[in-house]
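Engineer: Questions regarding the structure given below will be posed in turn.
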Amino acid sequence: MPHFTVVPVDDNTRSCYDSLEEINCVDYRDTGQGYSGHYDTVSCDGHGNHKEDCPFFSNINATKRNDFYERNLALFEEELDVRPKVSSFLGRLVSYTSITQGDMEHEEEENGKWCWKNTTRSTGMSTLMGVYLPCLQNIFGIIFFLRLTWIVGNAGVVQSFLILLICCSCTMLTTISMSAIATNGVVPAGGAYFMISRSLGPEFGGAVGLCFYLGTTFAGAIHILGAIEILLKYIIPQAAIFDPSGVHGGHGAMLNDMRVYGTLFLCLMGSVVFVGIKYVNKFASFFLACVTISIVSVFIGAVNSIFDPPKLMVCMLGNRTLVRELFDTCGKTVFVGNTTIPSKLWENFCGYENMSECDEYFTKNNVTEIQGIPGLASGVIRENMWSVHQGKDRILEKASLPSLDVHGSAENFLMYVSADMTTSFTVLVGIFFPAVAGIMAGSNRSGDLKDAQKSIPLGTILAVTTTSLVYFSSVVLFGACIEGVVLRDKFGEAVSKTMVLGTLAWPSHWVIVIGSVLSAVGAGLQSLTGAPRLLQAIAKDDIMPFLRVFRQGKASGEPTWALLLTTMIAELGILIASLDKVAPILSMFFLMCYLFVNLACALQTLLCTPSWRPRFKYYHWSLSFVGMSMCLALMFMSSWYYAIVTMGIAGMIYKYIEYQG
């Protein structure tokens with residue numbers, strides 16, 4: 001006789017025992033004279049692992065399953081009402097790119113069509129629409145358009161490959177852990193967080209939830225900063241409010257402009273989100289199309305450079321790179337009729353016809369022009385193979401050009417293209433990592449998928465593989481097509497303030513400029529949409545009493561107070577005003593989330609938890625352990641003090657929830 005144990009939990013309790021081919025489930029009811037009930041048979045896979053229809057407390061009425069799935073891992077009766085559900089709310093409410101669970105009701109309420117009724121949503125999103133495309137839109141972001149060429153120029157092709165390998169390996173290992181979670185029984189709408197909160201407790205669930213909320217909020221800030229940088233540098237530079245003063249005043253003026261316009265954009269985008277989620281969701285596909293077209297145009301331009309390299313010339317004085325917009329002719333003199341007169345460049349370094357006061361470096365070195373985009377067949381990749389890290393205010397130089405080493409006048413510093421920050425391998429890792437974040441867009445929407453156990457592993461792994469191939473191939477193309485001094489020119493000053501990535505695009509650099517700013521605005525709106533709902537979900541779980549005020553919202557449930565706090569936190573990122581300084585902060589919070597995902601999987605396997613039975617055949621606990629170690633290493637590699645602060649925040653949240661109960 002098979003052995004089974006009956007544990008009464010509530011009015012309708014199922015107790016199952018295994019046989020070779022099926023599970024016999026008994027529905028017991030306490031009649032006061034003992035337990036009586038009837039048998040119901042549910043299919044089994046033959047290995048003692050029941051299929052998706054069995055893990056619910058009540059299987060009598062299929063329409064009631066949604067009422068029980070959030071409680072189906074409770075062990076005791078008192079846990080049914082107090083067990084936190086942070087992760088299941090995260091899965092329904094945190095999504096960057098499309099309508100998430102709970103958003104449809106908000107939209108219907110705004111349209112006046114929503115009514116209070118208990119219906120089971122008909123879900124059936126495919127792997128392509130539900131996982132693959134949302135992950136692509138989350139991963140491809142502003143870092144690709146504004147910073148990848150600059151990273152290749154400073155790190156070189158070899159170090160750039162190493163940066164990509166580390167970051168992409170970290171996300172792939174985390175994806176494998178999420179795939180194991182997705183195939184571990186039924187997780188209708190919780191994804192990775194559903195298992196974390198129930199396997200490691202509400203303390204870990206709350207810490208992960210708030211870290212993910214902060215990461216999503218700062219993601220909104222970084223997208224806004226990227227959009228403002230594109231607007232002020234490449235589209236309407238005359239809109240700058242603050243004028244640069246002094247030799248090093250340009251950078252400070254730019255930061256102030258970023259703060260002013262960033263705040264205005266944040267208020268405008270926050271108002272759009274407040275008015276209604278429907279206006280954000282309707283344009284999600286359009287923003288994804290902008291990203292796709294922009295990336296395709298870059299690859300077409302790279303291939304086209306083999307036969308017809310763009311006529312983009314860079315003016316060099318000796319081996320130093322000059323700011324092209326400050327003069328018209330790349331030469332010391334120009335011919336007007338039969339007369340040779342000093343050029344605009346001469347006037348900038350010497351004054352008009354005044355050789356005695358000329359800059360010493362200008363008089364002793366020749367002015368030459370080099371091709372900014374030599375093309376894929378030029379062999380320039382040999383020069384771009386190795387790193388050329390710059391110190392702050394260091395003038396960009398081309399080592400292969402002849403130059404007399406004289407200092408020159410400090411008054412003419414603004415004539416040269418210089419580095420605005422000190423770079424190193426670890427600094428570039430912290431700046432690049434947000435470009436590979438966003439892998440949870442599919443797993444957090446598991447309740448909307450037709451077959452979550454198949455779609456999440458397949459769609460997420462394909463998305464990570466696709467984006468990784470695009471990044472690796474982009475590094476090769478950038479290094480093989482673009483001159484090194486242009487790659488290291490972050491703001492395109494050597495090419496008349498043209499976006500560096502845009503110089504390679506076909507048929508025009510405006511494809512990249514317009515596409516990148518639209519994609520940045522779309523991603524920022526998605527972040528400002530998802531983050532408040534995430535905070536509201538955590539507040540409704542009541543595991544942190546000080547967050548109770550953020551439960552409140554509009555009649556439709558729109559998280560008004562949570563949106564206000566999200567906007568205030570995002571404003572902190574706007575006030576930092578530098579994309580390169582906000583990116584490591586964003587990296588910290590996402591890496592902390594990925595660390596917890598890998599930690600949860602590794603612990604479940606090592607502790608031999610009975611409920612942990614993933615069916616993803618490529619999973620092994622050692623992969624989760626390596627992924628967790630890589631997340632921790634990347635945190636300290638990017639910024640050790642940010643890593644300590646982030647871990648301190650997560651630790652305080654953990655202890656606070658533990659103290660509360």
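Engineer: 5 Å is the cut-off here: which amide hydrogens, built 1.01 Å from N in the peptide plane, fall below it relative to S409, excluding neighbours closer than 5 in sequence?
Structural biologist: E360, Y361
Engineer: Is region 492-561 best put as rounded, prolate or oblate by its Cα gyration tensor, with a ≥ b ≥ c the root eigenvalues, rounded for a/c under 1.5, and otherwise prolate when a/b is larger than b/c, oblate when not?
Structural biologist: Taking the square roots of the gyration eigenvalues as a ≥ b ≥ c, region 492-561 is prolate.
Engineer: Please compute P(r) over all alpha-carbon pairs of region 275-393, binned at 10 Å starting from zero, and give each bin as a whole-number percent.
Structural biologist: Bins of 10 Å from zero give 10, 24, 24, 19, 14, 6, 2 percent of pairs.
Engineer: With the cut-off at 1.5 for a/c, could you classify region 207-305 from its C-alpha gyration tensor as rounded, prolate or oblate?
Structural biologist: Oblate.
Engineer: Taking the mean number of other Cβ atoms within 10 Å as a proxy for protection, how do you rank 280-293, 586-599 from highest to lowest?
Structural biologist: 586-599, 280-293
Engineer: Charges only on Cβ, +1 for Lys and Arg, -1 for Asp and Glu: so what's the dipole of region 231-387 about the Cα centre, in debye to the nearest 20?
Structural biologist: 720
Engineer: Placing +1 on the Cβ of each Lys and Arg and -1 on the Cβ of each Asp and Glu in region 439-545, which of G479, I514, Q536 has its Cα farthest towards the positive end of the resulting dipole?
Structural biologist: In region 439-545, that residue is Q536.
Engineer: Compare the peptides 340-347, 367-374 by average per-residue count of other Cβ atoms within 10 angstrom and give them in order, highest first.
Structural biologist: 367-374, 340-347
Engineer: How large is log10 of I(q)/I(0) for region 541-599 at q = 0.18 Å⁻¹ when the intensity is taken from the Debye formula with one equal scatterer per alpha-carbon?
Structural biologist: Calculated log10 I(q)/I(0) at the listed q: -0.89.
Engineer: Once the other residues with Cβ under 13 Å from the Cβ of L264 are scored (Lys, Arg +1; Asp, Glu -1), what is the net sum?
Structural biologist: Local charge sum for L264: -1.
Engineer: For region 132-179, compute the orientation-averaged projected area of the C-alpha convex hull (one quarter of its surface), in nm².
Structural biologist: Answer in nm², one decimal: 3.8.
Engineer: Also: When the gyration tensor of region 473-589 is built from Cα positions, what are the square roots of 5 times its three eigenvalues, in whole Å, from largest to smallest?
Structural biologist: For region 473-589, the semi-axes come out at 40, 15, 12 Å.
Engineer: Viscosity 1.306 mPa s, temperature 10 °C: Stokes-Einstein D of region 430-490 from its Kirkwood Cα radius, in µm² per second?
Structural biologist: 114
Engineer: Of the listed peptides 475-485, 400-410, what is their order by residue-averaged count of other C-beta atoms within 10 Å, with the highest listed first?
Structural biologist: Put in order of decreasing packing, that is 475-485, 400-410.
Engineer: Along each of its three principal axes, how wide is the spread of alpha-carbon positions in region 399-449, in whole angstrom units, largest first?
Structural biologist: On the principal axes, region 399-449 reaches 66, 24, 18 Å in Cα extent.
Engineer: Please report, for the Cα atoms of region 358-409, the Rg to one decimal and the Dmax as a whole number; what are they, in angstrom?
Structural biologist: Here Rg and the maximum Cα pair distance are 13.8, 40 Å.
Engineer: Let me understand region 318-385 better: what is its radius of gyration from the alpha carbons, and its Dmax, in angstrom?
Structural biologist: In order Rg, Dmax, the Cα atoms of region 318-385 give 15.2, 46 Å.
Engineer: Cα convex hull of region 521-560: how many Å³ per residue?
Structural biologist: 65
Engineer: Right, here's the next one. Between V470, M440, G502, whose Cα lies farthest towards the positive end of the dipole of region 435-506 when Lys and Arg beta carbons carry +1 and Asp and Glu beta carbons carry -1, centred on the Cα centre?
Structural biologist: M440
Read the figures in this text as sums done on the coordinates, not as results from a lab. If you're wondering where the values come from, they're calculated on a predicted model, not measured in any experiment. Glycine also receives a Cβ, built like all others from the backbone with ideal geometry; neighbour counts cover every protein chain displayed.
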